[in-house]
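Each remark here refers to the structure printed beneath this line.
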Amino acid sequence: MYEWHTPEELAGWAKQLRVFRYCRAYGGHSNDGDALKAAILINNRHDLEEVCSHMGMELKVLPALHDGDPPYSRSIQAYPEYEQPGWIEISEVPLHVWVYPDRLELHLADPINRHVVTQEVVNAAVIVEQILEPLYERIIDPPQDNRRCVCPKYYPALFK
């Protein structure tokens, strides 16, 4: 967990962030990277549309499929008429958004090296958190429920 950041640095970030959590990459063949992650509870289509609207994110409607057409590979599984958002900007902050059946996940990392988290990324997360404030009751914490996620559940000492 502390290969790139000290416990003190992660504790400082924990105090700055209310929604986003530092999540360590699995590495190896996963081709993933460290990121700040947040998850917002989505129970139905109305929730999805409401959350996206609040964030200023327009859901793109995909063209209707005809009988025998294969499903779109980038459609939202639970709401196939919509395209997955992917990389977007919120308040000029680039982040990756993906919709799962029960949640909308946001990932922030360095815009140049998408495998690392820096203090600048934390500063950008603070900006996005201001927009997410009215959605706090929908926040899923931890967004990644395992020890690779620096959150109060797994690292309570860093949040004191």
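Residue under question is Glu58, and the condition is that it be within 17 Å of the chain's Cα centre (by Cα) and not in a loop (DSSP other than H, G, I, E, B); does it hold? So Glu58 fails the test.
Taking region 132-151 as the region of interest, how many residues are more than 11 Å from Arg18 (Cβ to Cβ) and touching a residue at least 24 places away in the same chain (Cβ under 8 Å)?
Total meeting the criteria: 12.
Val121 meets the conditions (1) open to solvent by less than 60 Å² (accessible area, probe 1.4 Å); (2) at pLDDT 90 or above; (3) in contact with a Leu (Cβ under 8 Å, 6 or more places away or on another chain); (4) closer than 24 Å to Ile42 by Cβ in every case but one. The failed one is (4).
So that you can scan it fast, the table gives a plain yes or no per residue for (1) in contact with an Asp or Glu (Cβ under 8 Å, 6 or more places away or on another chain); (2) over 23 Å from Val121 (Cβ atoms); (3) modelled with pLDDT of 95 or more:
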| site | (1), (2), (3) |
| --- | --- |
| Asp32 | no, no, no |
| Asn43 | yes, yes, yes |
| Leu48 | no, yes, yes |
| Glu58 | no, yes, no |
| Pro71 | no, yes, no |
| Arg74 | yes, yes, no |
| Ala78 | no, yes, no |
| Glu81 | no, yes, no |
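If the condition is being open to solvent by 50 Å² or more (accessible area, probe 1.4 Å) and either out of contact with any helix residue (DSSP H, G or I) (no Cβ under 7 Å at 6 or more places or on another chain) or at pLDDT below 90 (or both), then region 137-153 contributes Glu137, Asp141, Asp145, Arg147, Arg148, Lys153.
The values are calculated or read from the model by the stated rules, or taken from the named source; none is laboratory data. Small disclaimer: the values here were computed from a predicted structure and weren't measured. Positions of Cβ are generated from backbone atoms using ideal geometry, with glycine treated the same way; all protein chains shown enter the neighbour counts. Keep in mind that these areas ignore ligands, DNA and RNA; they rest on the heavy atoms of the full protein, side chains included. Shrake-Rupley method; radii C 1.70, N 1.55, O 1.52, S 1.80 Å.
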